[in-house]
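The values are calculated or read from the model by the stated rules, or taken from the named source; none is laboratory data. Computed from a predicted model, the values in this text were never measured in an experiment. All Cβ positions, glycine included, derive from the backbone under ideal geometry; neighbour counts span all protein chains shown.
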Amino acid sequence: MSDPYPQRGAGYVDAYMHVGAPRFGTAAQALAACDRWGTAAAVLVLGPRVPDIAALVEAQRTSPDRFRAVGIPFGDTADRRLACVEATLEAGAIGIRMQGDELLQNPVVLARLGESGRWIYATDPLASERHTATLLEWLARYPTARVGAPHCLRPTLAPLDDPLAEELFRHPRFFAILSRQGQAGSSLAWPWEDLRPWVQRLLAWCGQARMLWGSEYPVIYWRGEQIDGTRRWLTDIAAGLDAEALSAVLGGNARRLFFQQPAPPVHMPQLPLWLADYPPPGPVPLEPTRQFQLPIELYQPLYDQYAEQNCPEHPLSMAEFVLARLRAGLGLPDAGGTQGAAQ
């Protein structure tokens, strides 16, 4: 029997996949998504309010050659956030994702990451002059530390007018991660051509060696996108990436940065109750109607079934899947195009 996923092992390395139940899926689902969509390896990143450290451990133990881990500074106090980070590093994480003012509110975490030569995955490096300066100072203080910037896309070049922005983006240990293409603020339809000048500026300031691709799985499903589309976008945006650059951005750079070194040691830490039994996150917004939000107790079993069925041969948006389940539950006929989706 032929391999149903012929792109498996093609060299794609995803620098930004989410993991963490119940909102972002399990380690097994992340691995299945990689297999189905031909992703050879990935950095699994915990998402906001979901400190599922056990999922990071499971993924790395199951597939040590395919997964690296990035955590979050979860907790309602500075001490708790540091404890969460320490537990995540014990679990083998290469770094911590920091969103918004987390970068400014956790100086002890920044020092811990810098001293150990880890990554900061900063989703808002240009949020203010202070955010940008903090990252530049951190890079200067810790010569083995590095910054990755997920969702590094904008429909305007205005945020890059600040001289500090150019200094950060030109820094040899700053890496732009091109993810969240369909939710980067574009006012246009696919391929969101108003993002092209930004990508061209990244090429000028970062060069192809410091640009990475990220799918933002499974959040892409919430807005009706698919993993292979996030790759194809790099060609369709027509920003000047030649074959060599595409190979680097889609896999070569991430493999060099994350997978040419031995995998970090992985241990399951003893977690305090507040971290092991974290409260469920909020509802999941499904595009294109943002007002339609699924309570998390409904989203998780629906996503479990959707993750089993969505594949390159029969791609299905999560919105279509949910509608098919609703039709089946109400005893209504299938609307066409989703045959079997509700089974």
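For ARG81, the stated conditions do not hold, so it cannot be described as part of a loop (DSSP other than H, G, I, E, B) and in contact with a Pro (Cβ under 7 Å, 6 or more places away or on another chain). Count of the stretch 239-278 residues, restricted to those that are surrounded by 14 or more Cβ atoms within 10 Å (Cβ to Cβ), within 30 Å of LEU153 (Cα to Cα) and aliphatic (A, V, I, L, M), is 10. Among the conditions (1) part of a loop (DSSP other than H, G, I, E, B); (2) without any contact (Cβ under 8 Å) to a residue 12 or more places away in the chain; (3) not assigned by TED's automatic domain parsing to the domain that holds LEU89, the only one that PRO262 does not satisfy is (3).
When the residues of the stretch 294-308 are filtered to those that are surrounded by 14 or more Cβ atoms within 10 Å (Cβ to Cβ) and either in contact with a helix residue (DSSP H, G or I) (Cβ under 7 Å, 6 or more places away or on another chain) or not in a helix (DSSP H, G or I) (or both), which remaining residue is modelled with the lowest pLDDT? Applying the filter and picking the extreme gives LEU294. Taken over the stretch 209-225, the residue count meeting the criterion of being outside any helix (DSSP H, G or I) and either over 27 Å from PHE292 (Cα atoms) or at pLDDT 95 or above (or both) is 8. Considering only residues in the stretch 177-223 that are in contact (Cβ under 8 Å) with a residue 60 or more places away in the chain and among the β-branched types (Val, Ile, Thr), the one that is nearest to ASP162 (Cα to Cα) turns out to be ILE177.
Quick check: anything in the stretch 54-67 assigned by TED's automatic domain parsing to the domain that holds VAL249 and under 17 Å from GLU115 (Cβ atoms)? Within the stretch 54-67, not a single residue is assigned by TED's automatic domain parsing to the domain that holds VAL249 and under 17 Å from GLU115 (Cβ atoms).
Meeting the requirement of 1 or more residues that are within 24 Å of ALA239 (Cβ to Cβ) and modelled with pLDDT of 95 or more, the helices (runs of 4 or more DSSP H) wholly within the stretch 100-208 are 129-141, 163-169, 196-205.
Scanning the stretch 196-215 for residues that are among the aliphatic types (A, V, I, L, M) and over 15 Å from SER247 (Cβ atoms) gives VAL199, LEU202, ALA204.
In the stretch 70-85, how many residues are without any contact (Cβ under 8 Å) to a residue 40 or more places away in the chain and surrounded by 14 or more Cβ atoms within 10 Å (Cβ to Cβ)? Going through the stretch 70-85 one residue at a time, the tally reaches 7.
The set of residues in the stretch 226-238 being of a type in the set (A, V, I, L, M, F, W, C) and either closer than 19 Å to VAL45 by Cβ or in a strand (DSSP E or B) (or both) consists of ILE227 alone. Here VAL45 meets each of (1) surrounded by fewer than 24 Cβ atoms within 10 Å (Cβ to Cβ); (2) under 23 Å from SER116 (Cα atoms); (3) touching a residue at least 60 places away in the same chain (Cβ under 8 Å) with one exception, condition (1). With the structure loaded, tell me whether ILE53 is among the β-branched types (Val, Ile, Thr), within 21 Å of TRP213 (Cα to Cα) and either at pLDDT 95 or above or buried (at least 17 other Cβ atoms within 10 Å of the Cβ) (or both) or whether it fails that test. Considered against the rule, which asks whether it is among the β-branched types (Val, Ile, Thr), within 21 Å of TRP213 (Cα to Cα) and either at pLDDT 95 or above or buried (at least 17 other Cβ atoms within 10 Å of the Cβ) (or both), ILE53 comes out as no.
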